[in-house]
Amino acid sequence: MMIQHSLARIHEKIIAAAMQCHREPSTIALLAISKKQSAEKIRDAFYAGQKSFGENYLQEALAKQKQLSDLPIEWHFVGTVQSNKIKMIATHFDWVHSVNQFSVAEKLNRARASQQKPLNICIEVNIDEEKTKSGVWPSAVVDLAKSMVTFPYLRLRGLMVIPQKNNARDAFQKTAQLQQQLIAEGLLVDTLSMGMSADFELAIAAGSTLIRIGTAIFGERIQL
Ligand SMILES: *Cc1c(COP(=O)(O)O)cnc(C)c1O
């Protein structure tokens, strides 16, 4: 399917899902996850109206950013933040969704250039407390969030989650509750980054404000 058609279909589904739970569709942002998709496809999606793109692998992202430098794209980093890549991640992206420890935030803050806008960040929550998965334990999220507000070059926007497949609804609801806890603590967080191609409707029902969609926009990923 052409990208403009698949994008239009996703937007229709976002609207339908929002209506079903009496939410305003415009409160749900669509982030196109373009890992292992070509720069040409990103360009097509941009011309079809999609302005923000998420990448997981730094080298791959930098190559595409170079090819697409003529477009005012908002770039999000959603992959694992390796410490030897923090400097480049801090300066080449507008958002990082996968901050999973204090030291990562500290290094991102230090590396972010002072003449740039603050880097938007989300804390990645390991909501199902899976031993093999990265992300912050739910019980540690509030303290970590509070510790981040002192960084001048970071702006904490909220939480990101990738739930286990079999119990996404529950995981999304728990993450939304954690977000409410942050708000109750006085933190000005506005972003719940949750929902992917297979489960974004459930995420919207639970309160997601940003869904991250890859294959449903671009088709299967390829080896670049
Ligand atoms: C790959 C990826 C997505 C998109 O997954 P799809 O199933 O292709 O929609 C979303 N979020 C993160 C963090 C990812 O790594």
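The values are calculated or read from the model by the stated rules, or taken from the named source; none is laboratory data. Please read these numbers as outputs of a predicted model, since none were measured by experiment. Backbone-built Cβ (ideal geometry, glycine too); neighbour counts: all protein chains shown. Side chains included, ligands, DNA and RNA excluded: accessible areas come from the protein's heavy atoms. Shrake-Rupley method; radii C 1.70, N 1.55, O 1.52, S 1.80 Å.
Taking every pair of Cα atoms in the range 67-224, average 1/r, invert it to obtain the Kirkwood radius, and report Rg/Rh to two decimals.
When Rh is taken as the Kirkwood radius, the ratio is 0.96.
Report the GluC sites (Glu not before Pro) located in the range 164-224 that are in a DSSP loop and have at most 14 other Cβ atoms inside 10 Å of their Cβ, or state none.
Hits after loop and neighbour filter: Glu185, Glu220.
Give me the percent of accessible area attributable to carbon and sulfur for the chain, probe 1.4 angstrom.
51 percent
If you take every residue apart from Gly79 with its C-beta less than 14 Å away from the C-beta of Gly79, what net charge results, scoring Lys and Arg +1 and Asp and Glu -1?
Once positives and negatives cancel, what remains is +4.
Treating each Cα of the range 137-203 as an identical point scatterer and ignoring solvent, apply the Debye formula and state log10 I(q)/I(0) at q = 0.12, 0.16, 0.28 Å⁻¹.
So the normalised log intensities work out to -0.32, -0.55, -1.25.
At a Cα cut-off below 23 Å, give the lysines reachable from Lys131, other chains included and same-chain residues fewer than 8 away excluded.
Straight-line reach from Lys131, under 23 Å: Lys165, Lys174.
So which aspartates and glutamates can Lys35 reach, going by Cα to Cα under 14 Å and dropping same-chain residues fewer than 8 places off?
Output for Lys35: Glu55, Glu60, Glu220.
How big is the gap, in Å, between the Cα center of the range 1-53 and the Cα center of the range 110-138?
24 Å
Could you tell me the largest-minus-smallest coordinate of the C-alpha atoms of the range 95-182 on each of the three principal axes, in descending order and whole angstroms?
The Cα atoms of the range 95-182 stretch 44, 26, 19 Å along their principal axes.
With the dipole of the chain worked out from charges on the C-beta (+1 for Lys and Arg, -1 for Asp and Glu) around the Cα centre, which of Ile217, Met19, Leu71 lies farthest toward the positive end?
The one lying farthest along the dipole's positive direction is Leu71.
Restricting things to alpha carbons, find the Rg to Rh ratio for the range 1-82 using the Kirkwood radius for Rh.
Value, to two decimals: 1.02.
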